[in-house]
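So the structure is just underneath, and the comments pick up after that.
The values are calculated or read from the model by the stated rules, or taken from the named source; none is laboratory data. Since this is a predicted model, take the numbers as computed values, not measurements. Cβ sites come from the backbone with ideal geometry, for glycine too, and all protein chains shown count toward neighbours.
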Ligand code: HEM
């Protein structure tokens, strides 16, 4: 599989799993919710792997502002996924944490959109080294 197909495919599957996690979270379907979250984590790992492979095909201009912003935001975003995990596990024990968990989940999802947008701008400004 080429890095481009692997990246686009795993990114789409990550978004599908995150969408399913939001819907099942609001419907309080815990088993499907947790399965969707596990799927999203697995697909996120695959997306990061293919993003690194894709990056090798481009000169990303490492010193450019957009590349520095994207790489920093991507690291913060990956670590930020611990927050819905922690608040979600807390909600399993104490349902009163549900509202906070929902807010944290949406904040991390917004950060994910920002990360994806900066990644797209970075790739659009990069020079292709070899055919993708
Ligand atoms: C280990 C990770 C997670 C655990 C253990 C977890 C657990 C939970 C639990 C127990 C609920 C309440 C459901 C109920 O009342 O029965 C819930 C709701 C919810 N979860 Fe998660 N969750 C996790 C990750 C996520 C992630 C990554 C997202 C974002 C895509 C998310 C989005 C939501 C939303 C939007 C709600 C509804 C909140 C509300 O009603 O205001 N969760 N989750």
**Item:** Any hit, segment 59-75, residues being more than 21 Å from residue 128 (Cα to Cα), within 16 Å of the ligand (Cβ to nearest atom) and under 14 Å from the mean Cα position of the chain (by Cα)
**Value:** no
**Message:** For segment 93-108, give me each residue that is more than 8 Å from the ligand (Cβ to nearest atom) and out of contact with any helix residue (DSSP H, G or I) (no Cβ under 6 Å at 6 or more places or on another chain).
**Reply:** 93, 94, 96, 107
**Item:** Among residues of segment 84-126, those that are in contact with a strand residue (DSSP E or B) (Cβ under 8 Å, 6 or more places away or on another chain) and either more than 29 Å from residue 52 (Cβ to Cβ) or at pLDDT 95 or above (or both), counted
**Value:** 1
**Asked** When you look at residue 44, is it closer than 20 Å to residue 13 by Cα and part of a helix (DSSP H, G or I), yes or no?
**Response** yes
**Prompt:** Scanning segment 115-125 for residues that are touching a helix residue (DSSP H, G or I) at 6+ places or on another chain (Cβ under 8 Å) and more than 14 Å from residue 15 (Cβ to Cβ), which turns out surrounded by the most Cβ atoms within 10 Å (Cβ to Cβ)?
**Reply:** 122
**Item:** Filter result (exposed (fewer than 14 other Cβ atoms within 10 Å of the Cβ), more than 6 Å from the ligand (Cβ to nearest atom) and assigned to a helix (DSSP H, G or I)) within segment 18-40
**Value:** 19, 23, 31, 38
